[in-house]
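Every read-out reported here was derived from the displayed coordinates using simple, explicitly stated rules and does not represent laboratory data. All of these numbers come straight from a predicted model, not from anything done at the bench. Neighbour counts run over all protein chains shown; Cβ positions are idealised from the backbone, glycine included.
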Amino acid sequence: TAELNRNIDKDHMGRFSSVANHSFYHGLSALVLARRQGRSKWEDIINRTMAQMKKWAMSNPWNCQHKLELMIAEHAYLEGNMDVAIQAYDCAVASAAKHRFVHEEGLALERAGIFYMETGDNPTASRFFHRAHDCYVRWEAHSKAAHVKQHL
């Protein structure tokens, strides 16, 4: 029975991880596209994915808190609330680093770099891009690291 339960838990976590990642990237993409194309087309996806991620972050902060923080940062940026965005980007980076999600730490750093670049703070953007580059190199995502290096 214990062996059976262990397999169920592994299967459940594998499915959860896939579903959570899909929801995260779907929502994050919608947030970015809403800034570029206008929010009306993306509002439903943003609201659904953020609400779901909030629930998951409450019950599974290790895997979801940094994802939620990055979504909050992007949403605050979309809303023009720059102070909240800055704080949430920092929280996303710190949480991803704390829980050793180096690829999502890199993503949070990269998104923060884009935020700072688009808001005209190029020195800060450069620092974030450097850190994102370092994360992607540690993760051995060399093509992604090279892509981020273009911002430097």
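Details
- Under 20 Å from residue 55, Cα to Cα: lysines that are on another chain or at least 8 residues apart: 67
- Mean separation of Cα contacts under 8 Å (6+ apart) over length of the range 31-107, as relative contact order %: 24
- For the range 46-127, the list of trypsin sites (Lys or Arg not before Pro) that fall in a loop by DSSP and count at most 15 other C-beta atoms within 10 angstrom reads 100.
- Projecting the Cα positions of 57, 76, 24 onto the charge dipole of the range 2-149 (unit charges on Cβ atoms of Lys, Arg, Asp and Glu, taken about the Cα centre) puts 24 furthest along the positive direction.
- Ranking of 86, 72 by count of other Cβ atoms within 10 Å, fewest first: 86, 72
- In order along the range 143-151, the phi-based Karplus estimate (6.51 cos²θ - 1.76 cosθ + 1.60, θ = phi - 60°) of 3J(HN,Hα) comes to 5, 5, 4, 5, 4, 5, 4, 4, 7 Hz; Gly and Pro are listed as x.
- Compared with the dominant Cα axis of the chain, that is its longest principal axis, helix 82-98 is turned about 50°.
- The chain, relative contact order in percent, only Cα pairs under 8 angstrom and at least six apart counted: 14
- Top of 106, 27, 120 by mean-square fluctuation, Gaussian network on the chain, Cα under 10 Å: 120
- Given +1 at the Cβ of Lys and Arg, -1 at the Cβ of Asp and Glu and no other charges, the dipole of the chain around its Cα centre is 220 debye to the nearest 20.
- Relative to the longest principal axis of the Cα atoms of the chain, the long axis of helix 43-59 lies at roughly 60 degrees.
- In the set (i) 59, 37, 24; (ii) 41, 40, 25; (iii) 44, 40, 30, the label that goes with Cα extents along the principal axes in Å computed for this structure is (i).
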